[in-house]
Amino acid sequence: MQDSPLSLLPPLVAIIVAVWRRNALLALFVGLLLCFIMINDWQVFSGLTATSTGIASVFNSTYNVYIVVFSLLIGALVTLLNSSGAVNGFIESLANLNLVKNSRQASLLPTVIGSAIFTDTNLSMFTAGTASQKLFDKYRISRARLAYLIDSTCSPISILFLINGWGAYVLGLLDSYELNDPVGVLIGTIGYNFYAIIAVGLAYFTAYSGKEFGPLAQAKLTNIKNSAYESTRTAPAFVMWAPLITLIALTLVLLLITGDGDIRRGSGAFSVFWAIVTALTFLIVLIMANRLMPPKEVLSTALVGIKSMLIPVSILVLSFAFGDAVKALGTGIYASNILANDLPLFLLAPILFIVAGFMAFATGTSWGTFAILIPIAVPIAIDTGLPVPYLVAAVLGGGVFGDHASPISDSTVVASIASGCDHIEHVKTQLPYTFFAAIVSILIYGALGLSFS
C-alpha cells in the first residue's frame, strides 16, 4: 500500500484516538491493529494474530530488549534513591554548603540542579523543587517561578542530554531504519532542538535577571503542602551522586569502546543497558554497606520502581511495533512523496513541529507523539535529502513543547507538586514562555529550511 493514501490511515487514527481518549497506549494499540488488518487485506482475525506476533517480535531484537530493560531498571534506581534517603541526603548536603546568599542564587539553585540531574525527569524535578522551596520563601520569590524553572530545565534538558530513558527510547525508534549512524543522528538532533535550547535559555535568563513577564510577574507568594517524599531517612549525599555519575560515565565509556573510539558509532542500547545494571548494583551495594535498608526492603522497593515503569515501557514496546508496522505499510514513503511534491521543503520541519506540539499538548505525553511521527519524519528526510537530525529534532522539540505546555502532562503536574505550587497557576504562568519559545523555534526551522532548499 505504499502508493495508497490509505497507508496514512493508521497514524491518523492513532492521533485521533490519542487526542480523544488522552491515552497514548490505547492509541498506539489501535493504530498497530489497524496496520496489521490492512497488511492482511482487511482480514480482522488475521490482523489480530499478526498484531500479537508483531508485539512479540519486538523482543526478537537484542537491541530492543536492552532498551526495555534499561527503562525498567531506571524506575528501580529512582525509587531506591528516594526510599533510601539518598535524595534527602543530597538536599541536606546542599543546605549545609550554604551556597545561597541572595535571591539570584536562590533562583539559580533549582535551575542548575534541574540541568545537572538529567538521568530522570521526575527525580530531577523533585530534587530541585524540594531543595529550593524554603529558600524561595525566605527570599520572597513565588512558588510559581520555582515551578517554571524546574519544568523549563528538567524536561528540555532530558531531550538534550540523552543519557537517559528519553535517549534510549528515541534511539530505539531510529534503529528501525537503515541508518548508517543512528547514535550520530541522535546526537545530531541536539543542535537542531531549538525549542529545548530556547526553553533552557529562558529559564536561566529568568533565574539570573529576576525579570518575569505575563502572569508570572503577578504570581502570589503562596504555596501548598508538598508530600512528594514519604521517606524520612537521610543517607550520605554520595549514595545519590556516585551511582548517577557511574551511569553517565560508563555509558560514555562503553559508547567509545563499542564505537572504536567514535562515540557516534557506538552501540547505544548495549551501553545504556550495562551502565544502568552497574549503577543499580553500585547503589544497592552502597545502601547495604551503609545499612540504609534491609535486603528484603531493597528488593520490594526495586520491584515497586520497576512496576511504576510498566505503562511507559508498554508504550515503548508498542512504539517499536508500530514503527515496524507503518514501515511495512509504507506510510512514511507515501507521506514523504506527498509532502515533498506538494509542500516547499522549508515548511516540512515547522509542520512536523506544530503537529507534534498539538498532539503532545492534547494527550499530555511526548513519547506517544514520537512513536507516531518519527516513523514519518525519517522517510521524509531520506526522500527529500533534508538532514535526518533536522526533521527528527522538529518532532522531538514539538513533543516537548506540547508536553511542557499541557495541563494534563505528567511532567507539568510533577513540577507543580515538587515546587508546592497550585497546578493551575503553574500552567497559567508558564504558557507565555512556552509559546514564545515555540514561535521562535518555528521561525528558525523555516529559515533553516530555506537554506537547505
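Rule-based calculations on the coordinates, nothing more; no lab input. Nothing here was measured: the structure is a model prediction, and the numbers come from that model. Positions of Cβ are backbone-derived with ideal geometry, glycine not excepted, and every protein chain shown enters the neighbour counts.
Couple of notes before you dig in:
- Per-residue ³J(HN,Hα) for segment 25-38, Karplus 6.51 cos²θ - 1.76 cosθ + 1.60, θ = phi - 60°, Hz, x for Gly and Pro: 5, 5, 4, 5, 5, 4, x, 5, 4, 5, 4, 6, 5, 5
- Zero-based 10 Å bins, Cα pair distances in the chain, whole percents: 5, 21, 30, 26, 14, 4, 0
- Think of segment 60-452 as a dipole: +1 on every Lys or Arg Cβ, -1 on every Asp or Glu Cβ, centred on the Cα centre; then among Leu108, Ile141, Thr365, Ile141 lies furthest on the positive end.
- Sorted fewest first by neighbouring Cβ atoms within 10 angstrom, Phe194, Phe161, Phe452 come out as Phe452, Phe161, Phe194.
- Shape call, segment 281-356: gyration tensor on alpha carbons, a/c limit 1.5: prolate
- By the helix-only formula, in which each DSSP H run with n ≥ 4 contributes -39500 (n - 2.57) and the sum is divided by residues, the chain has a 222 nm mean residue ellipticity of -25500 deg cm²/dmol.
- For the chain, the longest principal axis of the C-alpha atoms and the axis of helix 103-116 are separated by about 40°.
- Segment 142-212, Rg to Rh (Cα coordinates; Rh as Kirkwood inverse mean 1/r): 1.12
- Most to least packed among 96-106, 280-290, 391-401 [average Cβ atoms within 10 Å]: 391-401, 280-290, 96-106
- C-alpha long axis of helix 268-289 to longest principal axis of the chain, angle in °: 30
- Sequence ranges 295-301, 329-335, ranked by mean other-Cβ count within 10 angstrom, highest first: 329-335, 295-301
- Degrees between helix 348-363 axis and first principal axis of the chain (Cα, 0 to 90, nearest 10): 60
- Neighbourhood net charge (15 Å Cβ-Cβ; Lys/Arg +1, Asp/Glu -1) for Ser209: +2
- A Förster radius of 25 Å combined with the Cβ-Cβ distance from Ile408 to Ile439 puts the calculated FRET efficiency at roughly 0.65.
- Shown is the FRET efficiency for Ser300 and Thr62, computed with R0 = 30 Å from the Cβ-Cβ distance and rounded to the nearest 0.05: 0.55.
- Calculated from backbone phi, Karplus (6.51, -1.76, 1.60) coupling profile of segment 380-395 in Hz, x at Gly/Pro: 4, 4, 5, 6, 8, x, 6, x, 4, x, 4, 6, 5, 5, 5, 5
- Size descriptors for segment 140-283: radius of gyration and Dmax over Cα atoms are 19.1, 55 Å.
- Rg/Rh for segment 1-87 stands at 1.16; both radii use Cα atoms, and Rh follows the Kirkwood definition.
- The largest-to-smallest principal axis extents of the Cα set in segment 39-179 are 68, 30, 29 Å.
- If you take the Cα centroid of segment 276-299 and the Cα centroid of segment 125-162, the two points sit 28 Å apart.
- With the highest mean first, a sort of the peptides 345-353, 373-381, 406-414, 443-451 on other beta-carbon atoms found within 10 angstrom per residue produces 373-381, 345-353, 406-414, 443-451.
- Size of electric dipole in the chain: Cβ of Lys, Arg +1 and of Asp, Glu -1, about Cα centre, debye, nearest 20: 1540
- Theoretical FRET efficiency, 1/(1+(r/R0)^6), r = Cβ-Cβ of His423 and Ala242, R0 51 Å, to 0.05: 0.90
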